1. Is it fair to say A:Leu150 is out of contact with any Cys (no Cβ under 8 Å at 6 or more places or on another chain), assigned to a helix (DSSP H, G or I) and either touching a residue at least 24 places away in the same chain (Cβ under 8 Å) or within 28 Å of A:Val81 (Cα to Cα) (or both)?
2. Please find, within segment A:3-32, the residue that is modelled with the lowest pLDDT out of those that are over 13 Å from B:Leu107 (Cβ atoms) and facing chain B (nearest Cβ under 7 Å).
3. For segment B:51-109, how many residues are more than 7 Å from chain A (Cβ to nearest Cβ) and of a type in the set (S, T, N, Q)?
4. Right, A:Gly53: surrounded by 23 or more Cβ atoms within 10 Å (Cβ to Cβ), on the phi > 0 side of the Ramachandran plot and at pLDDT below 90 or not?
5. Looking at the structure I just gave you, is B:Arg123 of a type in the set (D, E, K, R), at pLDDT below 90, closer than 16 Å to A:Ser83 by Cα and surrounded by fewer than 20 Cβ atoms within 10 Å (Cβ to Cβ)?
6. Would you confirm, using the coordinates I've provided, whether A:Leu70 is at pLDDT 95 or above, part of a helix (DSSP H, G or I), surrounded by fewer than 23 Cβ atoms within 10 Å (Cβ to Cβ) and within 22 Å of the chain's Cα centre (by Cα)?
7. If the requirement is being away from every other protein chain (no Cβ under 14 Å), out of contact with any Gly (no Cβ under 9 Å at 6 or more places or on another chain), farther than 30 Å from B:Gln131 by Cα and surrounded by 16 or more Cβ atoms within 10 Å (Cβ to Cβ), which of these qualifies: B:Leu41, B:Leu28, B:Leu5?
8. Can you tell me which residues in segment A:90-110 are aliphatic (A, V, I, L, M), more than 7 Å from chain B (Cβ to nearest Cβ) and more than 18 Å from the chain's Cα centre (by Cα)?
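The values are calculated or read from the model by the stated rules, or taken from the named source; none is laboratory data. Note that the structure is a prediction, hence the values are computed from the model and not measured. Counting neighbours? That spans all protein chains shown, and the Cβs are built from the backbone with ideal geometry, glycine included.
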Amino acid sequence: MTEPTVRTRAAGLVSWPIARATVRERATAPFTLVCFVVIVLLGFVHNQADAWGAEAFSNVAAIWFFLLVLALSAGLLSSEVESGHAQLVLLRPITRASWVSGRLVGAGFLLCLGGVAGWVVNLAAAMARGEPLEFLPRLLVLPLAILPALAWLATAIALSAVMRGFSNAVVLLGARAIWAVTLFGTPVLFPKLPVGAALAALDPYVGPQKLFTIVDQVRAGEPVIFSPALWDLFWLLAAWTCAVWLFNRRELARRRA
Amino acid sequence: MTASLQAQGLTKRYRSPGGGQLLAVDSLSFEVQPGEIVGLLGPNGAGKTTAMQLALGLLDADAGEARLFGLNPEDLEARRQVGYAPDAPLFPRALTGMQVLKLHCDLLGVPHTRAEALVEELRFGDPSRRQTATYSRGQQQRLGLAQALLGEPALLLLDEPTAGLDPAGVAHIREILVAVRARKGAVLLNSHLLSEVERVCDRVLFVKGGKLLRAHEVRAGGKRVEIRLANAQAIAVDLAARLPSASLEGDRLRAPVPSEAAVPEVVRQVVGFGGQILEVKLSGAELEELYLQLVEGPAAASAPVVEGARV
């Protein structure tokens, strides 16, 4: 048997070879490429009077950024399980957790790449237009746009452990739609029930939160409240853990079937 | 010596959605030692693939256990020494064959040059640069074999490796298996090609209905020499007297031999009592006959399970 000549990191928390392979695999998917191109093109568009970079991730751009999340997560785990390649890979010295984490990190890298591309183009376009540049808000926008997107990505990937293709997107969007109906419909249908305020208070915690309020606080010189960012970080890690747990459950069920 | 693969009492039942159960593997016990090639023979649905997957820990056994090099199949150290080529493997469609191999190199911790050398050895250079989505069945098979061989595994499990391959590919796989055995690697081979199994395997496991019907030592007593004679009938009495283990059918004399080395002696004896030889052919033992008798024939239904057979 050939002795390993390079140190294998496969048994760690994240399998970097899996992450790299995921980047190669997903970067060439047609829908991913379309999302990338549209996000970059939208970076040129000047659509806010007080542009400080948020426009790269707002309105139509936000929709395409979310579509990129869905494109990257669709069947990310299930397609490998169904083709049988996951079983081949898991025969290597690698744990199921590090395989899932590798897939997630690879997809996350591409999401970050898309975000950075849109952000850079937006910055370049603003400079070309001679707009006044607010450097700190512009710098803050990038991680504050990417963090909730990563949390959504981890959620969609967790669903992809048990759902094939874009069915994870359907479930994710369906769940959000049901929550929206509950949030806005309940006070209308049951005006006497004191649930409206409770639901509104709960709303920020039904999914990752938008973080641009932090930029607003910085620009206004107000004290910065980091709890939304911490919530998104918690959501990201929880969804990551869920992805590993769901994949483990599926794999063990397959082995027992 | 620790067996490369040891299966003890493996049993697997598949549950159907309706609540029924299918007994796929039934108390299967066998071993594969370093430096030997073991064949799994049986009809479709005999439980051969399931047995392999149980041995690798890809499926959970309802009873019994498998050990790889004395370790649990889930042990990462055991996995490092195992190569597995499944029947009809599928790979990420967006990756090229070389990218798939390099991924497996990285997972095993072997240099990428190993993948490059292997694709040349398997005559897979050009297809390896294309996306796997464009591969034929045979090319998928070759890629599956290449990834199994990457780490020069001490234990190689091949599930129908010749399915979809051209004759040159089949011959090449035979060479590879012999090379693995030469470096003291162990091979468990699941194939329907009796002739290939006969040529490379040291031992054969006949399996049907998930049960081990018989363990057959191919190398120990499995060869026979077939001699075509111009005057077979004229020397029939002499043949019967001097070569009692041989049988004469028409103009063909068939005699069991322990190995290739014994063939010249048999030929000398036949010439010695006047036999006019037209053709000499060394063939494997009665593997096909055994297969038909054990697996397809009436004996199959009543054949006993060989418990704990070393295969």
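1. Judged against the criteria, A:Leu150 is not a match.
2. Out of the qualifying residues, it is A:Thr5.
3. Number satisfying all stated conditions: 3.
4. Here the answer is yes, as A:Gly53 does meet what is asked.
5. Working: of a type in the set (D, E, K, R): yes; at pLDDT below 90: yes; closer than 16 Å to A:Ser83 by Cα: no; surrounded by fewer than 20 Cβ atoms within 10 Å (Cβ to Cβ): yes.
Here the answer is no, as B:Arg123 does not meet what is asked.
6. Answer is yes for this residue.
7. Within the list B:Leu41, B:Leu28, B:Leu5, the selection yields B:Leu41.
8. Residues satisfying the conditions are A:Leu90, A:Ala97.
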